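Asker: Quick one: the structure is below, questions incoming.
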Amino acid sequence: MNIIITGASRGIGRETAKIFAANKENLIIVISRSKDKLFSLKTECSDKGAGKIIPLVTDLENIKKNEKMIYDFVIKHMKSVDILINNAGFLQNTLFSETSGDTAERTFNINFFAPAQLIKLLLPLMGKGKRSHVINISSMGAVQGSAKYPGLAYYSASKAAIANLTECLAEEYKEHNIAFNCLALGSANTEMFNEAFPGYKAAVTAQEMAILISDFAVKGQKYFNGKILPVSGSTP
Ligand SMILES: NC(=O)c1ccc[n+]([C@@H]2O[C@H](COP(=O)([O-])OP(=O)(O)OC[C@H]3O[C@@H](n4cnc5c(N)ncnc54)[C@H](OP(=O)(O)O)[C@@H]3O)[C@@H](O)[C@H]2O)c1
């Protein structure tokens, strides 16, 4: 399968890429800003002689400037896209009244506009033959009625925006052989989680979350389209 994962240098994205790389039939473009980490992922996976990891080093905050480069890179390596996982994310834990305009914009640029733009860019490569699956990674904080936490207003709002976009795109492209789903994640033990919530214990490891995401990415498009699925064992 041809797979693209954003935010694969660390955390959940990196673990997800590693799972896909265990299948030698997979070609995986991994995107983030950290060249060294993406290339160490490639080395780690190629040492195991499995699926091919192809690093694409770019800052998704500037996706508009890099659109052509990204598209040309993708079509150089794959003629179609089976799975796109919009996983890259930005979280700064700051009270609403203390959040600068730059941080607010950055949050929406990385968590909403970049994935939206990437989907738009790659749509011509999706739905060819096999049903493509776009997965947008959101957060439990974006789910209506879920527990909310001070300091996460812009982050949660940006994640709610990408969740809503998922529903809209599923409707707009329902005749195009592409499924759009959104996973609203609960806590996973990553650098983002530990930086935002020092001293708290996450519900699952990054690897455990990656198992769910990779499994859903391969099978979920048959059963779900336009769904926002909470991935959390806690109540409510
Ligand atoms: N961990 C949790 O508890 C939790 C809960 C709910 C939702 N989520 C969501 O799950 C996703 C993964 O989270 P995580 O905990 O694994 O986060 P993480 O450890 O902070 O990893 C975030 C990834 O996003 C990439 N990224 C950030 N800004 C970028 C940019 N401007 N351009 C390109 N790549 C960028 C980072 O790579 P570079 O720094 O190399 O660019 C990194 O690979 C995020 O969308 C997050 O919001 C996580």
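The values are calculated or read from the model by the stated rules, or taken from the named source; none is laboratory data. What you see is a predicted model, and the numbers here were worked out from it, not measured in a lab. Counting neighbours? That spans all protein chains shown, and the Cβs are built from the backbone with ideal geometry, glycine included. Note: accessible area is taken over every heavy atom of the protein model, side chains too, but ligands, DNA and RNA are not part of it. Shrake-Rupley method; radii C 1.70, N 1.55, O 1.52, S 1.80 Å.
Asker: Using the basic label-point model (7 angstrom from Cα toward the beta carbon), what is the Ser234 to Lys201 distance in nanometres?
Answerer: 1.2 nm
Asker: So which lysines can Lys48 reach, going by Cα to Cα under 29 Å and dropping same-chain residues fewer than 8 places off?
Answerer: Output for Lys48: Lys18, Lys24, Lys35, Lys37, Lys76, Lys79, Lys130, Lys219.
Asker: Calculate the FRET efficiency for Glu25 and Lys148 from the Cβ-Cβ distance with a Förster distance of 35 Å, rounded to the nearest 0.05. Don't jump to the answer; show the numbers that get you there.
Answerer: Details: r = 42 Å, r/R0 = 1.20.
Step by step, r from the Cβ atoms, then E = 0.25.
Asker: How much length is gained if the chain between Glu105 and Lys219 is pulled fully straight, taking 0.36 nm per residue apart and subtracting their Cα-Cα distance, in nm to one decimal? The partial results should precede the final answer.
Answerer: Details: separation 114, 0.36 × 114 = 41.04 nm, distance 3.43 nm.
Working it through step by step, the gained length comes to 37.6 nm.
Asker: Accessible area of Lys68, 1.4 Å probe, to the nearest 10 Å²?
Answerer: For Lys68, the solvent-accessible surface is approximately 140 Å².
Asker: Name the aspartates and glutamates eligible as straight-distance cross-link partners of Lys201: C-alpha to C-alpha under 17 Å, and not fewer than 8 places from it in the same chain.
Answerer: Once the sequence-local aspartates and glutamates are set aside, what remains near Lys201 is Glu191.
Asker: Report the one residue of Asn26, Gly145, Ala114 whose Cα lies farthest in the direction of the positive end of the charge dipole of the chain (charges on C-beta: Lys and Arg +1, Asp and Glu -1; origin at the Cα centre).
Answerer: Positive-most Cα among the choices belongs to Asn26.
Asker: How far is helix 11-21 tilted off the main Cα axis of the chain, in degrees rounded to 10, range 0 to 90?
Answerer: Long axis of 11-21 versus the principal axis of the chain: about 20 degrees.
Asker: Set the Förster radius R0 to 35 Å, insert the Cβ-Cβ distance between Glu191 and Glu171 as r into 1/(1 + (r/R0)^6), and round the FRET efficiency to 0.05.
Answerer: Working: r = 35 Å, r/R0 = 1.01.
Calculated transfer efficiency: 0.50.
Asker: Further question: Please report, in whole Å, how far the alpha carbons of the chain spread along each principal axis, starting with the longest.
Answerer: Largest to smallest, the principal-axis extents are 46, 41, 37 Å.
Asker: Still on this model: In Å², and per residue, what accessible area does the chain have when probed at 1.4 Å with the other protein chains present? Don't jump to the answer; show the numbers that get you there.
Answerer: Working: 11700 Å² over 236 residues.
It amounts to 50 Å² per residue over the chain.
Asker: Considering Cα pairs under 8 angstrom that are at least six residues apart, work out the relative contact order of segment 62-231 and quote it in whole percent. Numbers along the way, then the final one.
Answerer: Details: 257 pairs, mean separation 43.9, N = 170.
Relative contact order of segment 62-231: 26 percent.
Asker: How high is the relative contact order of segment 62-144, in percent, with contacts defined as C-alpha pairs under 8 Å that are six or more residues apart? List each step's numbers first, then the result.
Answerer: On the way: 54 pairs, mean separation 40.6, N = 83.
Taking the mean separation of contacting Cα pairs over the length of segment 62-144, I get 49 percent.
Asker: Could you work out how much longer the chain between Ser97 and Ser34 gets when fully extended? Use 0.36 nm per residue separation minus the Cα distance between them, nm to one decimal.
Answerer: Numbers: separation 63, 0.36 × 63 = 22.68 nm, distance 3.11 nm.
Answer, rounded to one decimal: 19.6 nm.
Asker: With the crude spin-label approximation of a point 7 Å out along Cα→Cβ, what separation in nm comes out for Glu44 versus Glu208?
Answerer: About 1.9 nm, to one decimal.
Asker: If you put +1 on each Lys and Arg Cβ and -1 on each Asp and Glu Cβ, how big is the dipole of segment 62-231 around its Cα centre, in Debye rounded to 20? Walk me through the intermediate numbers first.
Answerer: Values: 17 positive and 14 negative charges, 112 e Å.
Taking the Cα centre of segment 62-231 as origin, the dipole is about 540 debye.
Asker: From the phi of every residue in segment 58-74, what ³J(HN,Hα) in whole Hz does the Karplus formula 6.51 cos²θ - 1.76 cosθ + 1.60 yield, where θ is phi - 60° and glycine or proline is x?
Answerer: These are the phi-based 3J(HN,Hα) values: 7, 9, 5, 5, 9, 4, 4, 6, 10, 3, 5, 4, 5, 4, 4, 4, 5 Hz.
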